[in-house]
1. Please list, by residue number, every one of the trypsin sites (Lys or Arg not before Pro) in region 2-110 that is coil in DSSP and has at most 10 other beta-carbon atoms within 10 Å.
2. Could you list the GluC sites (Glu not before Pro) in region 1-44 that lie in coil according to DSSP, counting only those with at most 14 other Cβ atoms within 10 Å of their Cβ?
3. Sorted from fewest to most neighbouring beta carbons within 10 Å, what does the list 18, 63 look like?
4. Relative contact order of the chain, please, whole-number percent, based on alpha carbon pairs below 8 angstrom and at least 6 residues apart.
5. Counting other beta carbons within 10 Å of each Cβ, put 83, 22, 33 in order, fewest first.
6. Report the extension gain between residue 53 and residue 67 in nm, rounded to one decimal, defined as 0.36 nm multiplied by the number of residues separating them, less their alpha carbon distance.
7. Listing 80, 60, 50 from the residue with the fewest other Cβ atoms within 10 Å to the one with the most, what is the order?
8. Based on the Cα atoms of region 17-102, what semi-axes does the equivalent ellipsoid have, where each is the square root of 5 times one gyration tensor eigenvalue, given in whole Å with the largest first?
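Just so it is clear, none of the values below were taken in a lab; they were calculated from the coordinates. Every value quoted in this text rests on a predicted model; they were computed, and no experiment measured them. Neighbour counts are summed over all protein chains in view; Cβ atoms, including those assigned to glycine, are modelled from backbone coordinates with ideal geometry.
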Amino acid sequence: MACLELERLLERRLTEEDVKLYYVELTGIVRRYIERTTEIRAPQQTTEEFLREVSRRQTFPADESLRLKRFLESADLVKFAAYRPRGEDIDESLLRAKAFIGMDRAEAAA
């Protein structure tokens, strides 16, 4: 389901029109995926609350938790601090999102 959501987001080409909305939607996809695969109510929490819960429950290995933290915090800069990401930043965010939803593994297997 998350892979389909991500494909639909990319088809909309929001990075060209509204990068802030793109990041809102991108992080929403990752948060909903995490909610479906864990018992953490990710979409209803702030980034700080969510990361604290992930850490408390030890939901992910330390390196994956760190990648998630960096992904969400960089997205928050775009969503809430009017940061304008470079193309490389957008590409990196997409790669991180794909990694979290397992899309990178599915692409490698194809």
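1. 13, 86
2. On the way: sites: 5, 7, 11, 16, 17, 25, 35, 39; in loops: 39.
Those that pass, being in a loop and sparsely packed, are 39.
3. 63, 18
4. This gives 30 percent for the chain.
5. Least crowded to most crowded, the residues run 83, 33, 22.
6. Contour length minus Cα-Cα distance gives 3.5 nm.
7. On the way: 80 11, 60 16, 50 21.
In order of increasing Cβ crowding within 10 Å: 80, 60, 50.
8. 21, 13, 12
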